[in-house]
Amino acid sequence: MLMDRDAFFTSLWNQYIRVTPQANDIQTLLSTRGECLVNDHVAFRTFDLKGYDLATVSNILASIGYKAFDSYTFPNKMLRANAYSVPGDPRAPKIFFSELIRSELDDESRSIINEIIAPLEGKLTLADLTGSYPFAKPTASQYEKLADISEYAGWLSTMGYQANHFTVSVNSLRTLGSIEEVIELLIEQNYRLNKVGGYIKGTPKDLLIQASTIADGIHFEFSDGLASDVPSCFYEFAYRFNDSDGQLFQGFIPNNANAIFESTDRQS
Ligand code: NI
């Protein structure tokens, strides 16, 4: 095994805070209150290209003990996703991995994506997931066109492979008793939060409620020499409820995730 699970998450976090300084700041804010943070899940994005698709991802994640336990579709975002966990180790963060279904895009967006992924050969690796940009950069106008049709595709075309977000387990917090209290603290500290459908996504009946910040921005140089700030990554907060068997619900809720995806939308 080239990289074990702990090394994978350490490398993933280090890359994540390089492009998401707010996550490091929020972690520090919570740590100074005496919190010891537990990571509920991390999320990744990819295109449905052979060698880089969810089928490949399942094999990669199996090398560090992960197994898919559920799958979801997001028809209005042209996405599907798998959820992975480590059987028998509830402390291992879950992984939410989505892919863009290229056949559902219009011809123009699909041809832009096909140009961007043209250099890809071989297969995605575990190390790639901790931070790599294997694509041909889009021009600024290709990026805008792509993001107008799919903010997800716009994000992936500039950010490549890395954790899209980490997620604080609100159940594990001791000084903040609810997701409402977390939101209140973040607003007080002037963090921008995702308001799609309200600050809180989901209801206790869904067994999972979530909130997230709006992604930080990062400088990106397009292939035609133009440059601008593009959305990087964001931080999420999740509270889970017990299911009817008295077990903490471990899955994901498509409606919630649908709103959380928009944390990386361009802000006008
Ligand atoms: Ni998430």
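With contacts taken as Cα pairs under 8 Å at a separation of at least 6 residues, the stretch 197-268 carries a relative contact order of 35 percent.
The dipole here belongs to the stretch 5-264: it is taken about the Cα centre, uses +1 on the Cβ of Lys and Arg and -1 on the Cβ of Asp and Glu, and is about 560 debye. For the stretch 109-214, the list of GluC sites (Glu not before Pro) that fall in a loop by DSSP and count at most 16 other C-beta atoms within 10 angstrom reads GLU121.
Can you tell me the convex hull volume per residue for the chain, based on C-alpha atoms, in Å³ to the nearest whole number? Walk me through the numbers on the way to the answer.
Values: hull volume 34.2 nm³, N = 268.
In the chain, the Cα hull volume divided by residue count equals 128 Å³.
Per residue, the average separation of C-alpha pairs within less than 8 Å and at least 6 apart gives the stretch 12-145 a relative contact order of 23 percent. When +1 charges are put on Lys and Arg Cβ atoms and -1 charges on Asp and Glu Cβ atoms, the dipole computed for the stretch 82-181 relative to its Cα centre reaches about 480 debye.
Under the criterion of Cα pairs below 8 Å and six or more residues apart, the relative contact order for the chain equals 21 percent.
Assuming charge only on the beta carbon of Lys and Arg (+1) and of Asp and Glu (-1), the dipole of the stretch 228-268 about its Cα centre is about 20 debye to the nearest 20. Sparsely packed loop sites in the stretch 103-205 (the trypsin sites (Lys or Arg not before Pro) outside DSSP H, G, I, E and B with at most 13 other Cβ atoms within 10 Å) comprise LYS123, ARG174, LYS195.
Bear in mind these aren't lab numbers, they're just calculated from the coordinates by the rules spelled out. Keep in mind that this is a model prediction, so the values were computed, not measured. Note that each Cβ is placed from the backbone with ideal geometry, even for glycine, and that neighbours are counted across all protein chains shown.
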